[in-house]
Every structure is written in structure tokens, then in C-alpha cells.
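The values are calculated or read from the model by the stated rules, or taken from the named source; none is laboratory data. From a predicted model like this one, the values you see are computed outputs, not experimental measurements. Cβ placement follows ideal geometry from the backbone for every residue including glycine, while neighbour counts extend to all protein chains displayed.
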Amino acid sequence: MFASVVLLLAAFLFFLLLFQTHRTKDFPPGPQPIPIFGNVLQLNLESPIADLERLAKRYGNVYSIFLGSRPAVVINGLQAFKEALVNKAADFSGRPQDLMVNHAVQVKGTDQVILADYNPGWRQQRRFGIMTLRNFGMGKQSMEQIILGEIHRIIQQFEQSVGNTINPHRLFHNAASNIICQVLFARQFDYEDEFIKFFVDLFQETSKIINGRWGMIYDSIPFVRNLPLPFQKAFKMFKISHERRLELLAENKKTRVPGKPRHFIDCYLDELDKVGDDASSFSEDQLCAFILDLHFAGTDTTANTLLTAFLYLMNYPQIQERCQQEIDKVLDGKDEACFEDRNQMPYVQAVLHEIQRIANTVPLAVFHCTTKDTELMGYSIPRGTIIIPNLTSVLYEEGQWKSPHEFNPENFLNDQGEFVKPEAFMPFSTGPRVCLGEGLARMELFLILVTLLRRFKFIWPEDAGEPDFMPIFGTTQSPKPYCMKVQDRRQGVF
Ligand code: HEM
Ligand SMILES: *[C@@H]1O[C@H](CO)[C@@H](O)[C@H](O)[C@H]1NC(C)=O
């Protein structure tokens, strides 16, 4: 009996030593960690925002917490952002490896793109991705036409609901997923299709698991990783998604004509023919990973931004109306909006940017990691430290905005009513890791918003009560579910 207690105690002490946590010299300050668990037990894992706010107030713009035994530094405010992500970009643009999200999405040890560390392979893939999206227009359709085509479907759905209320949640997710699927492999799915349902669910659920309670526990406490805890569901779903992508790839390879790309997959395979997979980062596994990254990153983000847009536009009807006046004037006599029209619509531009600011769709960006020993705001930060860029702190920073805490398009208008973009506007983050899909996302948001506002009036239902603007926290945040009432502006009646 005594012997086993001693043994147990010894084992425990050994564990404490093994997972010892301490701050290195001049490391950013923060709360005292507990061995093994770090600071996770001190945070409300369901919604850590309030606890973290307390820490930021107490310790300043650059502070640290421990995820288990791994130190992480949270960066707040424009000044610290610029020093880290822009001026010292090479030091701060890595990605942490060995977190739950890496294990969940990794395909056969390929590097992905979103989660790839700061290395030549990532740079090659990223450059290819940006170029291919920018030059899109292979096959017969331009990016703009693809988006407008999807908007027709959204309109059809709304038409069926004119006079009634509709919950737009699924609708916007389907639309965003469909747009990126057409770019990737030229398939537009029916909104009831099983494929689209699976992926939309995958992205929504896992984005909440990974940044939520179970993700934190997985990341902090390595020896629970194989236990049958809720995070296993995310692993299972990603595995199925990989099989689906392999089927898709096999199908496309059968029908492809080299040199005549129809979509992103074909472009990638053409590139692979050219460079080969020995001396480059291009490979079919890498392609599979890339498809998932773009599909994942392009769905929940865009959809949740749209959901936030309509939540606010319904509850600020004067702002909605003023957008509609500008849209009517600029598009007078035209069938469809195009992305160029934004230059004639300063007010709509201001509203759209204000929506993105207040939506704060990816509140903590994607975690970064230091690539070497470095310094930030006078603190020393060793190589391999997790960096958490707190985008919220910049998008709502006092001193950077006319009204930081209020929904107000004036944040993006000067005295002459012209559109201006303050430096602190960075919903897509900043530096070398800035969102790769920014161009596509901005085009989607503009065209969808303008086309829908031109055609419909959106009304907060009388029986819906007071709106709740507080989002649900996650890697991507989403507004709480709501319904909207739709009125056709062409008929002016319900
Ligand atoms: C409103 C919509 C969107 C928002 C708010 C958004 C925001 C972000 C943010 C904050 C990051 C992390 C940047 C960092 O680590 O510092 C990111 C990365 C990324 N986004 Fe987006 N995104 C959106 C739409 C899209 C779309 C449509 C695509 C796909 C075409 C996309 C693809 C990516 C990729 C691939 C990365 C990883 C880049 C890298 O690690 O090099 N995003 N995005
Ligand atoms: C990020 O900044 C916001 C606003 O300053 C704050 O409420 C939140 O707690 C911060 N999050 C972290 C992780 O520090």
C-alpha cells in the first residue's frame, strides 16, 4: 500500500517536471500556469472572451497564457500587430504544428496551406493559389459570372418566401460553399444535395469544436488525445471528407484535357505535369489538402459575414434604405451589378466594410508561430511560441475609429462623404499570411449584398423580439440564428 502511494506520488512529480511550465526571461507577463494544464482551467472554455479581456486589461497589449505546457502570446492593438506581422513578418509568420487542428485536417503528412509552416513549399502553393484565383476565367465563366449565377439561386429561394419569414442560415452557407465548389471543380450543387450538406456541417461543427472547450483540452493535455472524447467526432468527419475529395479528384482526372483547364483542380494538375512532384511542393496529396483548405476557409467565413450583414441591415432600416437609394441610382437601367460598380457606391462600400468590422468573423485569425527567437514591444519571445493575433482588439480599438463600439458606416466615410479605409481595418489579417481569398470574398460580399438589396427589402419580424447582436464564439464566429421577413421591392407589396 505504502509503496504504491509513493510510486504514484513519484509518477506525479515526474509528470510535473515533464510538463513544467515557466516563463523565460523577459517573456510577456500573464497568469501563473498550473503544471500540465497551463492556464486552461482558469478560463471559461465555453466562451473565454470575458476572461481573456480581464487578462488583457491586467497585463497589457502583449501578454501570455499557457496552453498546457506550451506558451502562447496574445497580441492586441494595431501597434503590436504592425511590429509583429508586418515589420517582423519573417519571425512571426510560422504556424504552430501538433495542435488538434493540424492532426484533424492533415492528409498523409502534407503541409496543407493554411496550416503550413513558413517555408518554401507554403510560399509556392500560396503563390499558385493567388495567381489561379486572380486569373480565374478559365473555361467559360469568370469569377463574377459564377457569383452572379449563384445569386440567382439565392433570389429564387427568397422569392418563395416573399411575405413570409425565412431563416437564412443554411441558405448563405450553401451559396458560399457552392461558389467555391464551382471555382474548385466546376460543380454547382442543388441546395438539398448530400455533398453540400455534409461539407457545410463539417465546417460549421468543426470550427466550433477546434476553438472550443474540447479543442483546448486536446491541445493542452496530450495524454487524453486517444480517449473517446467529443473531439473524435471532428477527426472522423475530416476522414470522411478526405475520402470524398479523393473520389472527386479521380472523377476529374478521367475527364480532364491537359492544357485546357476547366477549374482550379485542372489548373493544379497542369502545373503538376509541368513541375513534377519530386523537386517541388506540388503533388496530388497536396492538391487534396489545398481543396479542403479553400473550401473550408471560403464557406463559413463568407456565410457568417453575410448573416451578420442582414442582422444589422434589418435592425438599422435607415442604413438599409440609404444603400438601396445609392444602388438604384448607380445601377439604373443595368441588368446586373458588377464589381467595378463599387467605385460609384461610397456609401455601400462604407456599410460593407463596417459590417466586416463589426462581424469580426475570424476573431483570433489563425494562430501564428515564431520562426526564430525574436522580440516584440520590448519582450523576448523564443522560437516556436504560439502567437494569437487578436483581430478583435484592432477592429474595435479605441483611437482607431470614430465609433469603435457601435455599428456606424461613418467609420469609413470622410467629411466629404467619400469612402476611406482606416489602417486598422484588417478582418483578413495582415502581412504574408493575410487571407488568400480576400479578393474572392470581397467580390462575393459586394455582389450578393448589392443584388439582394436592389431586389428585396429585409425586415426584422415583429414577433422576433429584441435582436441579440452577441455572436457565438469559434474559429469563425456566427450570429445566433434569426429569421428575416422578405418584401419584393419591385412590387412594393407583401
Ligand atoms: C469574409 C470572408 C473571409 C474572412 C473574414 C477571412 C479571414 C481570414 C483570416 C483572418 C485568415 C488568417 C490570416 C492569418 O493567419 O493571419 C485567413 C486565412 C486564409 N483564408 Fe480567408 N477569409 C475569408 C474568406 C476566404 C475565402 C473565400 C477563401 C478561399 C478562396 C479564403 C482562404 C484563406 C486561406 C487559404 C487562408 C490561409 C492563408 C495562409 O495561411 O497563407 N478565405 N482568412
Ligand atoms: C481580444 O480583444 C478584445 C477587445 O479588446 C477582448 O475583448 C478579448 O478578450 C481579446 N481576446 C484575447 C484572446 O485576448
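General observations
- Residue in the stretch 104-123 that is farthest from Y268 (Cα to Cα), counting only those that are aliphatic (A, V, I, L, M) and outside any loop (DSSP other than H, G, I, E, B): A104
- Extreme residue, modelled with the lowest pLDDT, among residues of the stretch 90-108 that are hydrophobic (A, V, I, L, M, F, W, C) and either under 20 Å from the mean Cα position of the chain (by Cα) or farther than 15 Å from T371 by Cα (or both): V107
- Inside the stretch 323-371, residues that are small (G, A, S), within 15 Å of ligand 1 (Cβ to nearest atom) and assigned to a loop (DSSP other than H, G, I, E, B) make up a count of 1.
- Among the residues making up the stretch 19-39, those that are in contact with a Pro (Cβ under 9 Å, 6 or more places away or on another chain) and at pLDDT below 80 are F19, Q20, T21, H22.
- Residue in the stretch 137-149 that is part of a helix (DSSP H, G or I), touching an Asp or Glu at 6+ places or on another chain (Cβ under 7 Å) and over 30 Å from Y191 (Cβ atoms) present: no
- In the condition set (1) more than 28 Å from F290 (Cβ to Cβ); (2) in contact (Cβ under 8 Å) with a residue 40 or more places away in the chain, E444 is compliant with all but (1).
- The listed residue being within 28 Å of F203 (Cβ to Cβ) and among the acidic types (D, E), out of E354, E406, E340, E375: E354
- For the stretch 25-76, filtered to residues that are more than 17 Å from G215 (Cα to Cα) and among the charged types (D, E, K, R), the residue that is surrounded by the fewest Cβ atoms within 10 Å (Cβ to Cβ) is K25.
- Yes/no for A289 being within 16 Å of Q124 (Cβ to Cβ), in a loop (DSSP other than H, G, I, E, B), out of contact with any helix residue (DSSP H, G or I) (no Cβ under 6 Å at 6 or more places or on another chain) and among the aliphatic types (A, V, I, L, M): no
- Complete set of residues in the stretch 372-422 that are part of a helix (DSSP H, G or I) and either away from ligand 2 (no atom under 12 Å from the Cβ) or at positive phi (or both): P409, E410, N411, F412
- Lone unmet requirement of (1) part of a loop (DSSP other than H, G, I, E, B); (2) at pLDDT 95 or above; (3) over 30 Å from Q318 (Cβ atoms); (4) within 16 Å of ligand 1 (Cβ to nearest atom) for F425: (3)
- Close pairs from the stretch 46-65: first touching a residue at least 24 places away in the same chain (Cβ under 8 Å), partner basic (K, R), Cβ under 7 Å, at least 6 apart: E46/R213; S64/R23
Yes/no matrix, rows are residues, columns are (1) of a type in the set (A, V, I, L, M, F, W, C); (2) within 11 Å of ligand 1 (Cβ to nearest atom); (3) over 30 Å from T132 (Cα atoms):
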| position | (1), (2), (3) |
| --- | --- |
| I387 | yes, yes, no |
| T430 | no, yes, no |
| G439 | no, yes, no |
| L445 | yes, yes, no |
| M470 | yes, no, yes |
| T476 | no, yes, no |
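- Wholly within the stretch 209-276, helices (runs of 4 or more DSSP H) carrying at least 2 residues that are at negative phi, surrounded by 21 or more Cβ atoms within 10 Å (Cβ to Cβ) and of a type in the set (V, I, T): none
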